[in-house]
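Read through the structure below, which is laid out as structure tokens, and then see the notes.
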């Protein structure tokens, strides 16, 4: 049995001995620095990497949302000129962002699951039991996609359609 990253070997040994299992705990002690301080440093660096990836992902979503609305400015202006309300325009842009986020998350989870099962067939059963992770990924994608689309959807809904239609 190998310990998960961040688990304290002395604590794991104490818990295994207390469980009175029919086995023996064999430790390869690497020292206090390797077992404690390095693990703490790796955990803090991992959190920093996750935060940076989240910021980069959010910026990418904002840029994609901006480009999507900019490409559709004549379509949006036409909808407004035909009498579509501001809520309808904003709702259409948000619905599209949610749809794209949902499809992207489903594809990502599906491809990731297939790749993991392909690499190690014994993982397949564990992947089925880990469905909450896929559901959480889907929910996070929808929340991030819609949050990134809100500013641009509101700006597009509030914009005057006349100049856009005069240019087009």
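Coordinate-derived values only; no laboratory data. On a predicted model such as this, the values are computed, not experimentally measured, just so you know. All Cβ positions, even for glycine, are placed from backbone atoms using ideal geometry, and neighbour counts span all protein chains on display.
What the table shows:
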{"quantity": "Ranked 150, 7, criterion: other C-beta atoms within 10 Å, fewest first", "calculated": "7, 150"}
{"quantity": "Net lengthening on full extension, residue 86/residue 74 (0.36 nm per residue, minus Cα-Cα)", "calculated": "2.8 nm"}
{"quantity": "Relative contact order of region 9-167, defined on C-alpha pairs under 8 angstrom at six or more residues apart (%)", "calculated": "35"}
{"quantity": "Footprinting exposure proxy for 8, 122, 65 (fewest neighbouring C-beta atoms within 10 Å first)", "calculated": "122, 8, 65"}
{"quantity": "All-pairs alpha carbon distance profile, region 120-168, 5 Å steps from 0, percent", "calculated": "4, 16, 12, 12, 10, 10, 8, 7, 7, 5, 5, 4, 0"}
{"quantity": "Sorted by Cβ neighbour density within 10 Å, fewest at the top, the residues 68, 120", "calculated": "120, 68"}
{"quantity": "Inter-site label distance for residue 3 and residue 48 at 7 Å from Cα along Cβ, in nm", "calculated": "2.3"}
{"quantity": "Over the chain: helical MRE at 222 nm, DSSP H runs n ≥ 4 each giving -39500 (n - 2.57), nearest 500", "calculated": "-26000 deg cm²/dmol"}
{"quantity": "Overall Cα dimensions of region 9-167, principal axis frame, Å, largest first", "calculated": "80, 34, 26"}
{"quantity": "Estimated inter-spin distance, residue 103 and residue 63, nm [label 7 Å along Cα→Cβ]", "calculated": "2.2"}
